[in-house]
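A quick write-up on the structure given underneath.
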Amino acid sequence: MNRTATIGVFDGLHLGHRHLLDSLRRLSDSNATHPLAVTFDRHPLVTLRPEAAPRLLMSAHERAEALRRHDVDVAIIPFTTEMSHLTAREFMELLHRDYDVTALHLGFNHRFGSDRLSDPEQYRRAGRDAGIDVTIASEYRLPDGTDVNSSMIRRALSDFSTVAVGLQALGHPYRISGTVVHGRHIGTTIGFPTANLRPDSSDRLIPAEGVYAACAILPDGERRNALLNIGRRPTFDAPDAPPSIEAHLIDFDGDLYGKPLALDIIAPLRRERRFASVDDLVAQLTLDRNFFEK
């Protein structure tokens with residue numbers, strides 16, 4: 001089975017990635033091959049420079065599942081030290097030998113291989129030596145001209161003023177998954193009980209502190225609208241209190257302690273701030289909840 005492949009970490013599977021996958025499928029149709037997305041079990045910087053490795057938008061499992069939903073086969077390759085030493089030609093020889101890749105469709109600015117080839121023609125020559133036809137996809141930008149890549153999205157999600165741009169570039173809600181743990185139960189006393197989330201992974205990016213509209217996905221798959229607060233609860237806690245992730249699930253009454261919960265961030269609502277009274281906080285939370293009635 002001959003395959004046309006593309007390569008990438010695909011962290012977040014954002015709009016730029018989807019543009020590349022659409023192009024890959026069209027090319028596969030034209031040359032009668034099967035489309036294949038080649039990705040890695042970790043971000044390459046985890047192996048190359050651990051101190052510089054970014055916080056991730058998706059786990060390897062989530063990336064693979066998201067890629068498969070776009071009608072491509074997926075190969076997850078361990079990014080080991082030995083793998084990092086392969087030249088571009090040697091890596092393409094591996095793809096040709098082990099995955100029947102006869103064509104390779106690269107993102108317009110993608111680079112790989114220890115020899116750090118500098119331009120598309122060098123990749124085409126290395127591909128011919130490896131038995132692979134190399135093509136380059138067109139560039140993708142947002143309508144305002146903004147370049148879309150995973151690093152840009154990480155920066156955008158880390159600053160509350162640009163979270164909306166990050167979500168736009170993702171093209172889908174940003175998910176935080178974890179386990180519901182006990183908190184201080186303050187929300188229950190003011191009529192807004194919350195599920196406190198302990199994230200599944202310490203290397204997952206947590207967006208900027210603030211209040212968000214979200215969708216909570218319960219263990220049985222049921223979805224509920226939710227108000228998500230990421231921050232330090234300044235109305236109740238000291239400024240140096242540790243941050244928390246807690247969600248008020250609208251019109252939900254149930255026990256979630258110890259159970260898995262996913263929160264899909266839909267939109268930023270407001271920055272977190274200290275209120276003069278609990279009544280003022282409750283009034284604002286009531287206004288926040290109106291987002292779902294629009």
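Checked against (1) within 30 Å of Tyr257 (Cα to Cα); (2) surrounded by fewer than 14 Cβ atoms within 10 Å (Cβ to Cβ); (3) aliphatic (A, V, I, L, M), Ala164 passes all but a single condition, namely (1). A search for C-beta distances below 7 Å between a residue of the range 67-89 that is under 12 Å from Leu21 (Cα atoms) and among the β-branched types (Val, Ile, Thr) and any residue that is open to solvent by 70 Å² or more (accessible area, probe 1.4 Å) and assigned to a loop (DSSP other than H, G, I, E, B), counting only pairs 6+ apart in sequence or on different chains, returns nothing. Looking at Glu272, Glu222, can you tell me which residue is open to solvent by 20 Å² or more (accessible area, probe 1.4 Å) and farther than 20 Å from Val180 by Cβ? Just a single option satisfies the conditions, and that option is Glu272.
The single residue among Ile76, Ile7 that is touching a Phe, Trp or Tyr at 6+ places or on another chain (Cβ under 8 Å) and open to solvent by 30 Å² or more (accessible area, probe 1.4 Å) turns out to be Ile76. Scanning the range 39-56 for residues that are in contact with a strand residue (DSSP E or B) (Cβ under 7 Å, 6 or more places away or on another chain) and not β-branched (Val, Ile, Thr) turns up Phe40, Asp41, His43, Arg55, Leu56.
Can you find a residue in the range 84-107 that is of a type outside the set (Gly, Ala, Ser), within 21 Å of the chain's Cα centre (by Cα), open to solvent by 20 Å² or more (accessible area, probe 1.4 Å) and under 29 Å from Arg128 (Cβ atoms)? The answer is no, given that none of the residues of the range 84-107 is of a type outside the set (Gly, Ala, Ser), within 21 Å of the chain's Cα centre (by Cα), open to solvent by 20 Å² or more (accessible area, probe 1.4 Å) and under 29 Å from Arg128 (Cβ atoms). Taken as a whole, the condition of being within 17 Å of Leu281 (Cβ to Cβ), touching a residue at least 40 places away in the same chain (Cβ under 8 Å), touching a Ser or Thr at 6+ places or on another chain (Cβ under 9 Å) and assigned to a helix (DSSP H, G or I) does not apply to Gly183. Take the residues in the range 227-253 that are of a type in the set (A, V, I, L, M), outside any loop (DSSP other than H, G, I, E, B) and touching a Phe, Trp or Tyr at 6+ places or on another chain (Cβ under 8 Å); name whichever of them is nearest to Leu157 (Cα to Cα). That would be Ile230.
Please indicate, with yes or no, whether at least one residue in the range 241-257 is among the small types (Gly, Ala, Ser), under 11 Å from Ala195 (Cα atoms) and either open to solvent by 40 Å² or more (accessible area, probe 1.4 Å) or at pLDDT 95 or above (or both). Yes - at least one qualifying residue is present in the range 241-257. Within the range 186-200, restricting attention to residues that are open to solvent by 50 Å² or more (accessible area, probe 1.4 Å) and among the hydroxyl-bearing types (Ser, Thr, Tyr), the residue that is farthest from Met152 (Cα to Cα) is Thr189. When each of Leu24, Leu36 is tested for being open to solvent by less than 30 Å² (accessible area, probe 1.4 Å), in contact (Cβ under 8 Å) with a residue 12 or more places away in the chain, touching a Pro at 6+ places or on another chain (Cβ under 6 Å) and not in a loop (DSSP other than H, G, I, E, B), the lone residue that passes is Leu24.
Of all residues in the range 122-152, those satisfying the criterion of being over 26 Å from Ala32 (Cβ atoms), free of Cβ contacts under 8 Å to residues at least 24 places away in the same chain and open to solvent by 60 Å² or more (accessible area, probe 1.4 Å) are Arg141, Pro143, Asp144.
On the basis of being surrounded by 13 or more Cβ atoms within 10 Å (Cβ to Cβ), without any contact (Cβ under 8 Å) to a residue 60 or more places away in the chain and either more than 19 Å from Val180 (Cα to Cα) or not aliphatic (A, V, I, L, M) (or both), does Thr235 make the cut? In short, yes.
The values are calculated or read from the model by the stated rules, or taken from the named source; none is laboratory data. Remember, it's a predicted structure, so these values are computed and weren't measured experimentally. A quick note on method: Cβ atoms are made from the backbone with ideal geometry, for glycine too, and the neighbour counts reach across all protein chains shown. These accessible areas exclude ligands, DNA and RNA; they are computed on the full protein's heavy atoms, side chains included. Shrake-Rupley method; radii C 1.70, N 1.55, O 1.52, S 1.80 Å.
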